[in-house]
Amino acid sequence: MTYDNYLLLKFISDRTNSGDKTTVADICDRFPSRFKLNAKESNFSNCPKLYEAVDEINSDTTVHQIIVKDNNNFHLATEEEAKHYCSVIKSRAVKQFKKYWEIQRKINRDGNGDLATIGKDFAIDFINSFVEEENVDNQ
């Protein structure tokens, strides 16, 4: 982890421990040389470098905490929040993988594709089972 990311994690951690969520504006004010607030409507575009830094921290295997990104607010996740966050990421990934196989199936429809038909059908059925599972879980 970079020292800058360590300082960001510590700032969010200290605020979480004091019961506060931390806004994008709070972080930009605390680290003005690193993060600049862009007053746009969408979350990611208001400070892309911040969201990238949080993703780096969450991906770092030496860090045991997970930072929750929640509507322009950041805080350390509880165990339940971390499990939910993981489930959301899995659901998004499965949906993207399903789209990939649907397109791949269309590309290979003429029989000249690289993958055997049985392999494609198995993969699509496998992915669909996860999507159906996620849909049931999210209801």
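The values are calculated or read from the model by the stated rules, or taken from the named source; none is laboratory data. Keep in mind that what you see is a predicted model, and the values were worked out from it rather than measured. Every residue, glycine as well, gets a Cβ built from its backbone with ideal geometry; the counts of neighbours run over all protein chains shown.
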Total residues in segment 18-29, condition touching a residue at least 12 places away in the same chain (Cβ under 8 Å) and assigned to a helix (DSSP H, G or I): 4
Failed item, numbered, when Phe97 is tested on (1) assigned to a helix (DSSP H, G or I); (2) in the same structural domain as Cys28 (by TED's automatic domain parsing): (2)
Arg109 vs. criteria at pLDDT 85 or above and exposed (fewer than 13 other Cβ atoms within 10 Å of the Cβ): no
Filter result (farther than 13 Å from Ile66 by Cβ and not charged (D, E, K, R)) within segment 83-103: Ser91, Ala93, Val94, Gln96, Phe97, Tyr100, Trp101, Ile103
Residue check for Val24: under 15 Å from the mean Cα position of the chain (by Cα) and either loosely packed, with under 12 Cβ neighbours inside 10 Å or not assigned by TED's automatic domain parsing to the domain that holds Ile89 (or both): no
Top-ranked residue of segment 41-73 - restricted to ones that are part of a strand (DSSP E or B) and under 13 Å from the mean Cα position of the chain (by Cα), ranked as surrounded by the most Cβ atoms within 10 Å (Cβ to Cβ): Ile67
Residue tally, condition within 19 Å of Thr78 (Cβ to Cβ), among the acidic types (Asp, Glu) and at pLDDT 95 or above, over segment 3-25: 1
